[in-house]
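The values are calculated or read from the model by the stated rules, or taken from the named source; none is laboratory data. Since we're looking at a predicted model, the values are computed, not measured. Methodologically, a virtual Cβ is constructed for each residue, glycine included, from the backbone with ideal geometry; neighbour enumeration extends over all protein chains shown. Side chains are part of the model used for accessible areas, which takes the heavy atoms of the whole protein and leaves out ligands, DNA and RNA. Shrake-Rupley method; radii C 1.70, N 1.55, O 1.52, S 1.80 Å.
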Amino acid sequence: LIGDQCWFAENLRSENYENGDAIPSGLSDSEWTFTTSGATAVYGESASNLETYGRLYNWYAVDDARGLCPSGWHVPTDGEWTVMTDFLGGASVAGGQMKATSGWHDGGNGTNSSGFSGLPGGFRSYSNGYFSDAGNFGTWWSSSPNGSNAWYRFLFYDFESVSRNYYDLRSGFSVRCVRDAE
């Protein structure tokens, strides 16, 4: 519970949409860069990374009508991310409260006072399909498009802030679910 919002305390690991359909996985680097449908990957395709960081999803999976999060939960909007970071004192300081107390490069750990337990799961590049920056970056999609891109949030090992930006829909980022409003 962060303010009035209830968030997953871990990154999503689901291989299936909420309706049970499988999310395509195991894509080669080139397949990842050219797909315009939902897809998921595990950083470096490593079982230990699945356990630690969860799965990475492109935004087509986030936006799929079959639902990425379990029933009663959803991928947060850009506005819902802002509500959370505002509750934590604003984007300039929220990142330190969102980061886990271990796992970040060069001692860049946080306090995890929010309970978000953010880990640096890296991302999968839209331009070449390569995995990059585990240990340095944590990246999480929002469900909000921005033109031909979509909004996301990221934490960096060397900053206490949480950053907001938009990026290519083919990028592979982590996903957190937030409980539906009652």
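Just give me the residues in region 134-145 being open to solvent by 20 Å² or more (accessible area, probe 1.4 Å) and in contact (Cβ under 8 Å) with a residue 60 or more places away in the chain, in sequence order.
A134, S143, S144, P145
Exactly one of these conditions fails for N149: (1) open to solvent by 50 Å² or more (accessible area, probe 1.4 Å); (2) free of Cβ contacts under 8 Å to residues at least 24 places away in the same chain. Give me its number.
(1)
Only one of G138, G79 is among the small types (G, A, S) and under 15 Å from Y57 (Cα atoms). Can you tell me which?
G138
Just give me the residues in region 2-23 being in contact (Cβ under 8 Å) with a residue 12 or more places away in the chain and either hydroxyl-bearing (S, T, Y) or closer than 16 Å to L50 by Cβ (or both), in sequence order.
F8, E10, N11, L12, R13, S14, E15, Y17, I23
For every residue, the table says whether it meets (1) free of Cβ contacts under 8 Å to residues at least 12 places away in the same chain; (2) open to solvent by less than 40 Å² (accessible area, probe 1.4 Å).
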| site | (1), (2) |
| --- | --- |
| D86 | yes, no |
| A91 | no, no |
| W104 | no, yes |
| G110 | no, yes |
| S114 | no, yes |
| G118 | no, yes |
| R124 | no, yes |
| S132 | yes, yes |
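Collect the residues in region 1-46 that are of a type in the set (F, W, Y), outside any loop (DSSP other than H, G, I, E, B) and over 20 Å from A181 (Cα atoms), keeping them in residue-number order.
W32, F34, Y43, listed by residue number.
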